[in-house]
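Beneath this line is the structure, given in structure tokens, with notes to follow.
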Amino acid sequence: MTRYILLFVLMSLTVQAQISTDLLKKFETAQKVPVLIQFKQQADLSTINYNWTKEQKANLAYQLLKQTATNTQKSCLELLKSQGINYHSYYLVNAIWAEVNKEQLFQISSLPEIDRVSYDSPHRGVPQMDASLQFQQRAPEVTWGIKRVGADQVWDLGIKGQGIVVAGEDTGVRWDVAAIKNRYRGYNNGMVDHNYNWHDAIHQISPLSGNQTNPCGLNLVEPCDDNSHGTHTVGTMIGETADHAIGMAPEAQWIGCRNMEQGNGAPSTYIECFEFFLAPYDLNGKNPKPEMAPHVINNSWYCSLEEGCDTTVFPIMELVVENLRKSGVVVVVSAGNDGAACNTLRHVPAIYEGSFSVGAFHPDNHISNFSSNGPVNNYKEVRIKPNVVAPGSDVLSTLPDGQFASWNGTSMAGPHVAGLVALMISANPLLAGRVETIETIIEETAEPFVADFDCFPYSGTRIPNNTYGYGLINALKAVEKAKLYVGVVESNFSSFQLYPNPVDAILHIAKSNNAKQDFQLLDAMGKELKRFSFSEKTHTLNLSELKPGIYFIQSIQGADKQSFVKM
């Protein structure tokens, strides 16, 4: 016992990384605990040009993020492997999930590259839904919410989301339900291919589920929904049958990821789904393709403080959202169902500046009584939230058994906005990847509403306010304004990009296509040192024999030139 105490003290003295208090408490009752290991070095995506195409943004973001994780996780991964520790490496944010004992925790924390270690807390990610008109069949007419925001008027213009891909990370999706089957990207003329269109981040039963089995199973290679929530939200984005017009963008395609096990998620499962959407991969987790990333992701879930969401994961989850935005993906998030009172909008990821947070309104235009209000005052600076509100009460959509149900929740409001994003980009493809522009148009075209009360330090009469945000979304006005957008498109980034810069030994060259391209390596005086060519999207160049200094890579065909520093 004395030896153990001495070892604990010595390890504690060498700890450099922060260890969350919640995590340490878990070792009082458990031998092994799931953790998120966060690294100090995170990828710098500042070189991504806002005017690049969505595909270019996604490809470079993937390359930079992947390289940062590969370069910095080596020592930690060697430690985990040497001790037989179960782990999962991420690159969307530089982090690793692992299941460790207390001694291993302190060993990991002593590595100089580690920033902090947090508890990967399981929690109820989907609020209990209020259901009304359960399974009630309706006439083949457009639902009230779609009519109220004018989406049906957008359809009359011939704009229904054609060519756009929406995504949902949720409790899964029953893909072959009639209302959404034909719009699944993995289904084409009777042929089914789930590669790049579906991922399951659920690898074990959640300790909160209360049973030992899952009705769908684990590690699914085919979409399934163990809760109904995910299918319902996808229906609101794109659903349509001969009898029910329930989806905002009925000709957009959808892809999905299960991030909750029977409604119970964890930061690690959320990150895994976000990472899949940045660069979708095949069913074996291989061959990622950033160019297949969706245009918008709906997130009708939250990481609840009351149910144990470790606050030390707040920064890393925010970085997840920001990296996706920089890659050209809009991140839509439900505001939460903690009630129409001040300061109730306080859960991850709705609290972030980069999350496009959506509250809910009722058919009479008043805010739904469950819809969370801002301001956000529990993370960084105080900010007004939500951004906008959308139909969230009595929202009809499809269920996994093919029946229809009308549900209440901000979970139902968020998909309306995700569908609106699809309509806008379909109306003007120049908007693809222009996240801030899309969000600004939605806010500027919203119908402003004055709140019934003030939420200090902001008046309820101001626009935006902490109840309605900028107001009720208006699909017709948003699409009309989207069609006017004439932003500049820089179709290439000097045809290639170099990283890291400065470089020690291995320089990576990234380009946006697989066309063969010839290059020169030049010194500072313009003398050619080497000539090479490649056709793949990325290429590595060993520069270990070069002396420190400034050098150039030049594209022979296009004469584009970029400099780098050899250390």
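The values are calculated or read from the model by the stated rules, or taken from the named source; none is laboratory data. Small disclaimer: the values here were computed from a predicted structure and weren't measured. With ideal geometry, Cβ positions are generated from the backbone for all residues, glycine too; neighbour counts draw on all protein chains shown.
Residue under question is N259, and the condition is that it be of a type in the set (S, T, N, Q) and either surrounded by fewer than 24 Cβ atoms within 10 Å (Cβ to Cβ) or outside the structural domain of E141 (by TED's automatic domain parsing) (or both); does it hold?
Judged against the criteria, N259 is not a match.
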Reported set for segment 389-422 where residues are of a type in the set (D, E, K, R) and touching a strand residue (DSSP E or B) at 6+ places or on another chain (Cβ under 7 Å) is D394
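Are any of the residues in segment 488-496 crowded, with 19+ Cβ neighbours inside 10 Å and either outside the structural domain of H295 (by TED's automatic domain parsing) or not charged (D, E, K, R) (or both)?
Pass one, segment 488-496, residues crowded, with 19+ Cβ neighbours inside 10 Å: 493, 496.
If we keep only those that are either outside the structural domain of H295 (by TED's automatic domain parsing) or not charged (D, E, K, R) (or both) too, we end up with 493, 496.
Yes: segment 488-496 contains one or more residues that are crowded, with 19+ Cβ neighbours inside 10 Å and either outside the structural domain of H295 (by TED's automatic domain parsing) or not charged (D, E, K, R) (or both).
Could you tell me whether any residue of segment 131-140 is modelled with pLDDT under 95, closer than 24 Å to D22 by Cα and part of a strand (DSSP E or B)?
Initial filter on segment 131-140 (modelled with pLDDT under 95): 131-140.
Narrowing further to those that are closer than 24 Å to D22 by Cα: none.
No, the conditions are met nowhere in segment 131-140.
Output the number of residues of segment 100-109 satisfying the condition of being assigned to a strand (DSSP E or B) and surrounded by fewer than 17 Cβ atoms within 10 Å (Cβ to Cβ).
Pass one, segment 100-109, residues assigned to a strand (DSSP E or B): 100.
Restricting the remaining residues to those that are surrounded by fewer than 17 Cβ atoms within 10 Å (Cβ to Cβ) gives none.
The qualifying residues number 0.
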Any chance you could count how many residues in segment 458-473 are assigned to a loop (DSSP other than H, G, I, E, B), within 30 Å of the chain's Cα centre (by Cα) and either under 11 Å from E447 (Cα atoms) or β-branched (V, I, T) (or both)? 7
Could you grab me the full set of residues in segment 181-221 that are surrounded by fewer than 20 Cβ atoms within 10 Å (Cβ to Cβ), part of a strand (DSSP E or B) and at pLDDT 95 or above? Y187, M191, V192
Considering only residues that are surrounded by fewer than 18 Cβ atoms within 10 Å (Cβ to Cβ) and in contact with a strand residue (DSSP E or B) (Cβ under 7 Å, 6 or more places away or on another chain), which ones fall in segment 284-318? E307, G308
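Here is a yes/no grid of residues against (1) assigned to a loop (DSSP other than H, G, I, E, B); (2) aliphatic (A, V, I, L, M); (3) within 30 Å of D364 (Cβ to Cβ):
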site	(1), (2), (3)
A482	no, yes, yes
S495	yes, no, no
L498	no, yes, no
L507	no, yes, no
A515	yes, yes, no
Tally time: how many residues in segment 228-274 are modelled with pLDDT of 95 or more, polar (S, T, N, Q) and closer than 20 Å to Y119 by Cβ? 3
What strands (runs of 3 or more DSSP E), lying completely within segment 319-429, carry at least 3 residues that are of a type outside the set (A, V, I, L, M) and crowded, with 24+ Cβ neighbours inside 10 Å? 356-361
Tally time: how many residues in segment 142-198 are closer than 26 Å to N365 by Cβ and among the polar types (S, T, N, Q)? 2
Taking Q63 and the conditions (1) buried (at least 20 other Cβ atoms within 10 Å of the Cβ); (2) farther than 26 Å from G433 by Cα, which numbered condition does it fall short on, given that it satisfies the others? (2)
